[in-house]
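All of the numbers you see were taken from the coordinates with simple rules; none came from a lab. These figures come from a predicted structure and were not determined experimentally. A quick note on method: Cβ atoms are made from the backbone with ideal geometry, for glycine too, and the neighbour counts reach across all protein chains shown.
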Amino acid sequence: MRANGLTRHAQVTPRASTRVVLMSKDFRLIALVATLSLSAIVLSACSGGGSSPASSNSAPAGPQKALESAYAGVVSDQSPLAVDFAKDEQNVAIISCSLAIPSCAASATAVSDAVTRAGWWPMVIDGGGGAGMGLAIRTAIAQAATVIVAIDTNCKGLEGAYDEVALAQIPVVALGGDDDCTPPRWAAVSRWTADHPVGLRQTMVGTLQADYAYGKVAGKVKALVLTVPGDPTTTTIAAGFAARLKALGAGEVVQTLELSAAEIADNTFVTKVVEAATTSGVNAIIVPEDDWLTTGGLATAIARDAKTAKLLVIGHGGTAAALDIIRSGRAGLTATVGQAFEWLGFGAVDAIVRLLAGAPAVAIGDAMQVVDIDHNMPESGRYTGGVDAEKKYTALWLHPTPTPTPTRAPTPVTTG
């Protein structure tokens, strides 16, 4: 294991471009990071959905049980066997669902950071959506990737691009999504837990948001739910919330407020949300991305308006900025569904390590729980699930130790 600095991918702009940042080989422990923006903002190829041991068809009985379920969330700290670490450095192309979506960008950054800390070279490529994913795959080939990590995308419809990957002899490790091609095209698929694919986590976000709302709202939940039509990340979270609320018999979605990519980008969505919250008679606002609340300014606007300041507001992500608001006890953000992105990133690298060693991938088991001022809150920074992911995984990666060559003849020893 080598210590190193980290270089994160640059801010993505919605235009077709390719940017590659090369670091001197004297700084081999600093990442090579390429950010390639290949499509229009937001219409991502993310796959949604999800369940967990806490989200079975049988809903918890009563608001207190639902609240306990929200706090417990999904935590499955796996203890996989040790595995030999690859001797050769790897160029890892990380093809993300749209980097315009904060949770997609967070996943890509987490994998990139983990790849860097493993001593390899990451390239973050924005898959965007539609034809952008095929172009991203071909760009990974052109950039001499030795491994591709595909985040939250399915195989079907991309058979031609993945056939080119096979011809280039580049293995594909999937982090979410389904290898629904015939025949299968991917070398390994990372799973969230033994029973749940990584790509089925977005429904769980909505499920935990519903459990928390039911446990915290006195009486029936009357929710304002925010989405971006055509974006599976936000729409699947919304669908998961609505389905869970119905199963709980806990209330209703009074309004699903559809926002555009442009409104999110220029923050004009904030006024639209506050107006909807003040006129629709809701008692909870369900937000699919913490960044909308923090950098987007929504939390401040909600807190500033007397009609919305007392509403229950539930986000998703567990960013440091979001947790700072929750820690302070200020209005505008009550709780968030934390995702352990660093844990997710190291789990993806572990799948690569096991693939190169000829061993099967193991479940990542990263945590997802509701975080509020009194529960699951780290002392500082973002949500981690309470696990040092780097320590957890690097302890499993066995690096080969060469036999040392003597520098001088041994000194004779006489006994007796």
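Quick notes on this one:
- Using the Cβ of residue 183 as centre and a radius below 13 Å, the other residues enclosed give a net charge of -2, where K and R count +1 and D and E count -1.
- Radius 10 Å from Cβ of residue 155, net charge of other residues (Lys, Arg +1; Asp, Glu -1): -2
- Placing unit charges on the Cβ atoms only, positive for Lys and Arg and negative for Asp and Glu, gives the stretch 122-218 a dipole magnitude near 200 debye about its Cα centre.
- Taking 0.36 nm per residue of separation and subtracting the current Cα-Cα distance, fully stretching the chain between residue 304 and residue 260 would add 13.5 nm.
- In Hz, Karplus ³J(HN,Hα) per residue of the stretch 368-382 (6.51, -1.76, 1.60; θ = phi - 60°; x = Gly, Pro): 9, 8, 6, 10, 10, 4, 10, 9, 6, 8, x, 5, 7, x, 8
- Entries of 156/272; 246/307; 220/307; 65/272; 65/392 with Cα pairs more than 25 Å apart: 156/272; 246/307; 65/272; 65/392
- When 155, 97, 181, 104 are sorted by how many other C-beta atoms sit within 10 angstrom of their C-beta, beginning with the fewest, the order is 181, 155, 104, 97.
- Inter-probe distance in nm under a simple model that places probes 7 Å from Cα toward Cβ, at residue 280 and residue 156: 3.1
- Percent RCO, i.e. relative contact order, over the stretch 92-211, from Cα pairs under 8 Å lying at least 6 residues apart: 21
- Among residues other than residue 98 with Cβ under 10 Å from its Cβ, the summed charge is -3 (Lys and Arg +1, Asp and Glu -1).
- Net length available on complete extension from residue 399 to residue 65 is 115.7 nm, with 0.36 nm assigned per residue and the Cα-Cα distance removed.
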